[in-house]
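The values are calculated or read from the model by the stated rules, or taken from the named source; none is laboratory data. Nothing here was measured: the structure is a model prediction, and the numbers come from that model. Note that each Cβ is placed from the backbone with ideal geometry, even for glycine, and that neighbours are counted across all protein chains shown. Each accessible area value is taken on the protein alone, full model and side chains, heavy atoms only, with ligands, DNA and RNA left out. Shrake-Rupley method; radii C 1.70, N 1.55, O 1.52, S 1.80 Å.
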Amino acid sequence: THRQGFLNILRSKTSWFPDKETMRGVWNVGLSALVEQLCMRFGFFTYVKIVSSLGTIAFATHQICMNVLSISFGFGDGLQIASASLVGQRLGAKRPDLAKIVVAVNQRIGMVIATILVIIFVIGRKGIVGLFTTDQSIIEQGAVLMIIMAFSIHAQICQVVTSGSLRGAGDTKYTAMVSLISIAIFRPLITYVLCYPLGLGLVGAWYSLVIDQFTRLVLVMIRFRQGKWTGLKL
């Protein structure tokens, strides 16, 4: 039975320690993924810190709109996981042609979802923000941010899917580098410049979000189209 098979594994006299080659592959991928996550958390923390200094009304408006934007992140993350898993499987089976098809299909699905979300967010922007508050100043400012948000959704979903595909292929060092450059360094810097020296305030912070998404999209698409990810050895 299945249970007996499991117990036989437990009784096995073979070593439970993984071999060096397996550990090396796990370490190479895991370390890069760790660095990427640290860069992302540092960049997001710095970004929120700058926004919070704009005042309570601005920060409340920002948080509401970020909650709305999380809807697109949910779809993007789901497609990213699917793309990473399927790309890894196809490359493991020595079928890079199918891996490229997987990415293309997920990107198309993402673009359709992004278009639907943009239409909903633009048409219903005041009503959506109004679900969170009755403060008219927040609703009006939030409606402006929803328009800016609409320009980022296609880039955001596409870059998340493409980044997930590169991770699934084991190209985690490059995606970590992208996070370091765009999220940890470029995004906080451009946010500060737009918010304070240029005096755009909260709108400037959201302009920086759009710029960050397009920057990451360009960087990961360049890597993806080079095709080196199809031949990586873990």
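List the relative contact order of region 67-163 as a percent without decimals, with contacts defined as Cα pairs under 8 Å and 6+ residues apart.
Numbers: 81 pairs, mean separation 41.1, N = 97.
Relative contact order for region 67-163 comes out at 42 percent.
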Notebook entry, point to check: Which angle from 0 to 90°, rounded to the nearest 10, does the C-alpha axis of helix 201-226 make with the longest principal axis of the chain?
Noted result: 30
Next item on the list: From the C-alpha gyration tensor of region 88-164, pull out the three semi-axes of the equivalent ellipsoid (sqrt of 5λ each), sorted largest to smallest, in whole Å.
Entry: 37, 10, 9
Notebook entry, point to check: Any idea what the relative contact order of the chain is, in percent, if you count C-alpha pairs under 8 Å spaced at least 6 apart?
Noted result: 29
Notebook entry, point to check: Averaged per residue, what accessible area in Å² does region 54-101 show with a 1.4 Å probe, protein chains only?
Noted result: 50
Next item on the list: Can you send over the carbon and sulfur percentage of the accessible area for region 176-218, probe radius 1.4 Å, protein chains only?
Entry: 82
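With a/c under 1.5 counting as rounded, go ahead and sort region 77-209 into rounded, prolate or oblate using the C-alpha gyration tensor (a ≥ b ≥ c being the square roots of the eigenvalues; past the cut-off, prolate if a/b is larger than b/c, else oblate). Could the numbers behind the result be given before it?
Values: a/c = 3.65, a/b = 1.68, b/c = 2.17.
It is oblate, given that a/c is not under 1.5 and a/b is not larger than b/c.
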Notebook entry, point to check: Against the longest alpha carbon principal axis of the chain, how many degrees, from 0 to 90 and to the nearest 10, is the axis of helix 96-123 turned?
Noted result: 20
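Tell me the carbon and sulfur percent of the accessible area for region 48-112, rounded to whole percent, probe radius 1.4 Å. Write out the running numbers ahead of the final one.
Numbers: 2200 of 3270 Å².
Here carbon and sulfur together make up 67 percent of the probe-accessible area.
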Note to self: Run the count for the chain, please: Lys pairs, Cα-Cα under 17 angstrom, 8 or more apart or on different chains.
What the structure shows: 6
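Calculate the all-directions average of the projected area of the chain's alpha-carbon convex hull, and give it in nm². Present the calculation step by step, with values, prior to reporting the outcome.
On the way: hull surface 65.8 nm².
Average of the hull's projected areas for the chain equals 16.4 nm².
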Note to self: If exposed means no more than 11 neighbouring beta carbons inside 10 Å and the site is in a DSSP loop, what's the longest run of the chain without any exposed trypsin sites (Lys or Arg not before Pro)?
What the structure shows: 95-232
Item checked: Net charge, residue 160 excluded, C-beta distance under 10 Å - Lys, Arg +1, Asp, Glu -1 -> 0
Item checked: Note, ³J(HN,Hα) from phi for region 153-165, Karplus 6.51, -1.76, 1.60, rounded to Hz, x at Gly and Pro -> 5, 4, 5, 4, 5, 5, 5, 5, 5, 5, 4, x, 5
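With every protein chain present, what is the per residue accessible area of region 131-234 (1.4 Å probe, Å²)? Walk me through the numbers on the way to the answer.
Working: 4430 Å² over 104 residues.
The answer is 43 Å² per residue.
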